[in-house]
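Worksheet: the structure to be examined is printed underneath.
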Amino acid sequence: MEQKLLNLYHDTGIYQLEFGQAIMIVVGLLLIFLAIKKGFEPLLLLPIGIGAVLVNIPGAGFMAAPVYDAAGHMVSPGGLQYYIYHGGIETGLFPLIIFMGVGAMTDFGPMLANPKTLLLGAAAQFGIFATVIGAVLLGAAGIMDFTLADAAAIGIIGGADGPTAIFVASRLAPELLGAIAVAAYSYMALVPLIQPPIMRALTTHEERSIKMEQLRHVTKAEKIIFPIVVTILVAMFLPSAAPLLGMFCFGNLMRECGVVDRLSDTAQNALINIVTIFLGLGVGSKLSSEAFLNIETLGILSLGLVAFSIGTAAGVLMAKTMNKFSSTPINPLIGAAGVSAVPMAARVANKVGLEANKQNFLLMHAMGPNVAGVIGSAVAAGVMLSYVGG
Amino acid sequence: MEQKLLNLYHDTGIYQLEFGQAIMIVVGLLLIFLAIKKGFEPLLLLPIGIGAVLVNIPGAGFMAAPVYDAAGHMVSPGGLQYYIYHGGIETGLFPLIIFMGVGAMTDFGPMLANPKTLLLGAAAQFGIFATVIGAVLLGAAGIMDFTLADAAAIGIIGGADGPTAIFVASRLAPELLGAIAVAAYSYMALVPLIQPPIMRALTTHEERSIKMEQLRHVTKAEKIIFPIVVTILVAMFLPSAAPLLGMFCFGNLMRECGVVDRLSDTAQNALINIVTIFLGLGVGSKLSSEAFLNIETLGILSLGLVAFSIGTAAGVLMAKTMNKFSSTPINPLIGAAGVSAVPMAARVANKVGLEANKQNFLLMHAMGPNVAGVIGSAVAAGVMLSYVGG
Amino acid sequence: MEQKLLNLYHDTGIYQLEFGQAIMIVVGLLLIFLAIKKGFEPLLLLPIGIGAVLVNIPGAGFMAAPVYDAAGHMVSPGGLQYYIYHGGIETGLFPLIIFMGVGAMTDFGPMLANPKTLLLGAAAQFGIFATVIGAVLLGAAGIMDFTLADAAAIGIIGGADGPTAIFVASRLAPELLGAIAVAAYSYMALVPLIQPPIMRALTTHEERSIKMEQLRHVTKAEKIIFPIVVTILVAMFLPSAAPLLGMFCFGNLMRECGVVDRLSDTAQNALINIVTIFLGLGVGSKLSSEAFLNIETLGILSLGLVAFSIGTAAGVLMAKTMNKFSSTPINPLIGAAGVSAVPMAARVANKVGLEANKQNFLLMHAMGPNVAGVIGSAVAAGVMLSYVGG
Amino acid sequence: MNNLMSDGFGLMLLGMGFVFTFLCLLIVSTTYMSKLINRYFPEAAPVAKKPMAAPTAGASSASASATDPKIAAAITAAIHQHRNR
Amino acid sequence: MNNLMSDGFGLMLLGMGFVFTFLCLLIVSTTYMSKLINRYFPEAAPVAKKPMAAPTAGASSASASATDPKIAAAITAAIHQHRNR
Amino acid sequence: MNNLMSDGFGLMLLGMGFVFTFLCLLIVSTTYMSKLINRYFPEAAPVAKKPMAAPTAGASSASASATDPKIAAAITAAIHQHRNR
Ligand code: NA
Ligand code: NA
Ligand code: NA
């Protein structure tokens, strides 16, 4: 009896809790606070935060592996997050399903009306590769223990696209997944704070006031054919990006074709919501103290911020250049939307544009580079998976 | 040809059907009848009943294990219920997902307005542990073959919470899972019949007529912080209850935080519905004749009834005691709602209260102990998992 | 560096693409075209088409098997379609869940009002077995390499029921699954083209003008008991059909019982939509060049067309015969609806009937044989699984 | 005639035989079931249901009638409020 | 008294003890939490919420009130348009 | 410069090169696609669509317009019925 009482005491969190776990629970609570109170990408950061709290409860066994006897019968079941992580994240299934849902939510109309804006989505990916160099420098200098695969996975934070970052990290640097996902979603939420100063620094008031011509009408046929064209081009030129872009285009085709509305609706709602809940819990499971409480996490967070800033700057500078050579005026602010972070970055461009000229509505013009950024970072992800993994 | 005809005849249910299977198909049909005609927890008992019918069809192979050759290729696929049971119930995933959905459906407002009612949710759990003693007595006397783990799993029926009962039974006594789940849901459905006589026997007309003060307004902030507080307390004091209560609080936080309504909506609808269908089929798969048609099932059904009655009585008596010492009046009827069985038990308290005093609306006052009972039985489940399993 | 550039080039689809893959991508695009532009069963053919495109992208690894090291840790994750195919189609889970959803969408009222129409649903299955003979002849003559199992799986195309065809093919002839599924859904979509000439050829203008008596009112109780009766009969006489018909009746019971509307609603919407998306991608994964680009596929497509035509004819002729002996008039056109292809075949019967007599509304009368055809082909599937597999 | 063909014909005979047997059994059971139900458990008030032979697809009309009353009630209420202003 | 029985009683004592301890702890924490929140982060405008002790089920009334305004707004607009024709 | 760094620069060059190449290819393909479609399959009736540069978020306006006609139709019918009483 006393023994049992003692056992029960030994089972408590108070007895077992290690310092690192306590810190990580606080980190989880901080993410929850940011999600709820500050509105930081709550759809992801709330489940990630809860996942971080749960996985760090000592003795709760959320990441326990199941135990089987020799005959294959289960002796003790695994933990919830074990099944989620290994079933949905390690396999890449969850990010791909989410990408399909995002595709079903995406309107390529503004981009099709002005295909040149794809260049802005390309330029903004410079943030990704500049960050790779940063990580490689830290690794080569011996300051942090980053391999090329780690550097590539860190760089993708600059793609400002959560599912892409999780997909790449799960393949190239699973041990860094937690920190990378947290950095990606946090900075995506911080876009309204990070981008405007950079945008203002690199543009003049006149440039920010440039009004763009109204976008032409895009036909239904164009919207239907476009995802098919992208899929074929990816198949021909970068198969390693095909999982991400193939599912993205599949979702978009379901949206635009008009004959499978019930599938498109489910992909945009029930399915993506279910997977988002589990993706968050699964990502949170990687926020263990061993994986998170180290100098590398600091490096990841700093490099992620650098990536975002460079990507924003590259997009703006590219837009300035294009404006010089273009027959129709291009407001450089829309270049910043090239980092993706849909639709936040486009809204930021719109807002900064309105500051300069109260009649200047850039939202739809910025949606072009914005969705181009999603394609751009998926292409960058494909190159990385091919270069590093191949 | 004649051989093939003979084979086909040998494949028929008529040729193969064993007496036990026939009985269990009738049991399944009885559950379906109770669900549809009597309204006994149809969301669970209908799928469980169908599951019981299907698993007892001889030769249909609903619980057949898949067969693989040496190279790992599938030779013959498994049955539907095999995959459901081993994928969702043995692993504990389905009860946890349902608990998350229930959390997203639960309003802790009435309990937060009057936290004292948590004591009623504690007292009503006495039914659980009294039943454990009952089962242990039957086991020790050699009347039935119950181990301590079995006794604990049987006791949890008194918690009046289906997913908790299934979760505990799947861990402590999987071979009793079918009978325990059927007992738990049946008695939950019978709350309007079981509870009122006990409530009337233990209270006077004056006590039942007691009007309670209107509940104070509970702020949004309180409702948001509460699930986090519970999670942290569970993490500190009873990690073995963390899977159940962690997911419950996660669901509740999604509900209350107001920033992830689409996730909360999916957790309360599409997701919990999908999992409920499969949970039912999976639980039904344990209603085989070997597992169900024995003396132990009779013991489980009787003990379950005892558990409910004792839990109800303990709740009412605790409420009477509290009423003596409390500054504000407490109607003892709301103590009966402490068994959980949300919201049925609270409605019963309201109804019995109205019989005594037509102006006496107890529903909201009873919702406090009602949801407290959910927490109480999850805590009891945690103690059992720690005590028996550890 | 040059090496890496070369690697990247070697990774491209252009470098790796084989001729067969290119053809299959075109086949996938053709299916997408038929789905979107021609409205051929788009809910299935669109995901199947995309699945065919994705699986044939060289180097994208959509069907790659995961690799584990000796300790059981994942070295490289599998592809999306690998997990979908092996998790949901090889196991039979997806067709069964879809069958449950179809059951929840089916109204047996018209059939219960006129049970004789079940005979039409029986007669139309002659298309299945005649096709088996056709396939067996091709096999026996050495023209094509069909076994009895292959012949059975091909025959089921004539059942005009997609999930049944996929379920049977996944069990009897997985290597033919892609072609069989494509044939089944294509011909289901072609019902309005295939059936009318046959119907007109086999009936006179007077027969087509026959007005049928208004159907009697069917009570709720009948609709509730019916799926239970079917389940019990299947259990007694053909357990091998129990997976399909058991789940179908479960779905129908959820629909009719009136006490689990939220489950029925989810089974008809979110759940069936989710599974449809994945079923399509999984079926598409079997459209590889090795499995599809051969003489057998031509045989399957031709035989499928024969199956449909014979089934239609058998249904019409049976209806003509019944009309001779029946006390109430029976329009032979509704016999054609016995092939299933719900509700398209019933609409075709209605349309051809209207051509002959503008006041002749056959839709509801044709819904009886139409849903009877679903039961009939599931029974035929059960016989095949028992005869060939047993 | 080789083995494969005899198997094929066997499958056809057995299959069609079984399909007809089973569906006939279902006709008998269903008819009997309906009779039993309508004799011993007749529907309380059959009311005037909409005729089942109506040429419209069941699904769409069902959903239409499901949403109308709610909207109609709201409208009626709104119009009354509007009038009483 | 054999082992099984002593284990059973041990489980009862520990269990009820723990359940009461934990839920008492929760009472204290909750009360304290509410006090802290209401002192330091009082709700901006408490407004006149509907009384919580109302005997109707919360769910149905909530959903009703959620759909009404949308429909009502549409109706109001429609009626105005209709009048102004 | 060690191996890791040269690999990093290689990745940067290849990566940015490829991203630009691919997205330029996409510009060309998209432009060409649009031209082909609009020449050979022009949209039947372009009608007066709402201008795409409107500053409101597409999602909310889309859903609003999706529900309005249904409700509006119901209202119109209800009002007519109401008048004709
Ligand atoms: Na991007
Ligand atoms: Na309880
Ligand atoms: Na059929």
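Values quoted throughout were computed directly from the atomic coordinates according to the rules given, and no laboratory measurement underlies them. Just so we're clear, the structure is a prediction, and the values are computed from it rather than from any experiment. Cβ sites come from the backbone with ideal geometry, for glycine too, and all protein chains shown count toward neighbours.
Things to note:
- Shortest first, residue B:75 label-point distances to identical copies amount to 2.7, 2.7 nm, with the label point at 7 Å from Cα along Cα→Cβ.
- Mean Kyte hydropathy of -1.0 or more with a Cα span along the axis of at least 30 Å, helices from DSSP in chain C: C:177-202, C:295-325, C:363-384
- For the options C:144, C:236, C:247, a Gaussian network treatment of chain C with springs between C-alpha atoms closer than 10 Å singles out C:236 as fluctuating the most.
- Global geometry of the protein assembly as shown, whether rounded, prolate or oblate, following the gyration tensor of its Cα atoms and the 1.5 cut on a/c: rounded
- Rough spin-label spacing in nm, given labels placed 7 Å along Cα→Cβ, for residue F:9 and residue F:38: 4.4
- Amide H to amide H distances under 5 Å link residue C:40 with C:35, where only residues 5 or more positions off or on other chains count and H is placed in the peptide plane.
- Mean partner shielding of peptide A:58-65, defined as the number of other chain Cβ atoms within 10 Å of each residue Cβ, is 4.
- Shielding by partners - mean other protein chain Cβ count within 10 Å, residues of A:375-388: 5
- At 7 Å out from Cα toward Cβ: residue B:147 inter-copy label distances (nm, ascending): 4.4, 4.4
- Closest approach of a chain C Cβ to the axis relating C and B (residue, whole Å): C:270, 2.
- Legend: P(r) of chain C from all alpha carbon pair distances, 20 Å bins from 0, whole percents, reading 28, 54, 15, 2, 0.
- Within a Gaussian network of chain B (alpha carbon springs, distance under 10 Å), most fluctuating of B:35, B:337, B:152: B:35
- Footprinting exposure proxy for A:223, A:116 (fewest neighbouring C-beta atoms within 10 Å first): A:116, A:223
- Averaged over the residues of A:243-250, the number of partner chain Cβ atoms lying within 10 Å of the residue Cβ comes to 5.
- Three-way shape label, region B:220-290, alpha-carbon gyration tensor, a/c 1.5: oblate
- Label-point gap, in nm, between residue C:38 and residue F:28 - each point 7 angstrom along Cα→Cβ: 3.3
- Exceeding the 18 Å Cα-Cα cut-off - candidates C:116/D:35; B:324/B:351; A:116/A:324; C:38/C:358: B:324/B:351; C:38/C:358
- Cα gyration tensor shape of region C:216-359, rounded if a/c is under 1.5, else prolate or oblate by comparing a/b with b/c: oblate
- Each copy carries residue C:290; placing its label point 7 Å along the C-beta direction from Cα gives inter-copy distances of 4.0, 4.0 nm, listed from smallest up.
- Judged by the mean number of other Cβ atoms found within 10 Å, the most tightly packed of the peptides C:75-87, B:194-206 leads the ranking C:75-87, B:194-206.
- The fewest-to-most ranking of B:190, B:172, C:193 by surrounding Cβ atoms within 10 Å reads C:193, B:190, B:172.
- Note on residue A:64 and residue A:298: the model spin-label points, each 7 Å out from Cα along the C-beta direction, lie 3.6 nm apart.
- Note on C:145, A:107: ascending count of other Cβ atoms within 10 Å places them as C:145, A:107, the fewest first.
- Theoretical FRET efficiency, 1/(1+(r/R0)^6), r = Cβ-Cβ of residue B:145 and residue A:143, R0 56 Å, to 0.05: 0.30
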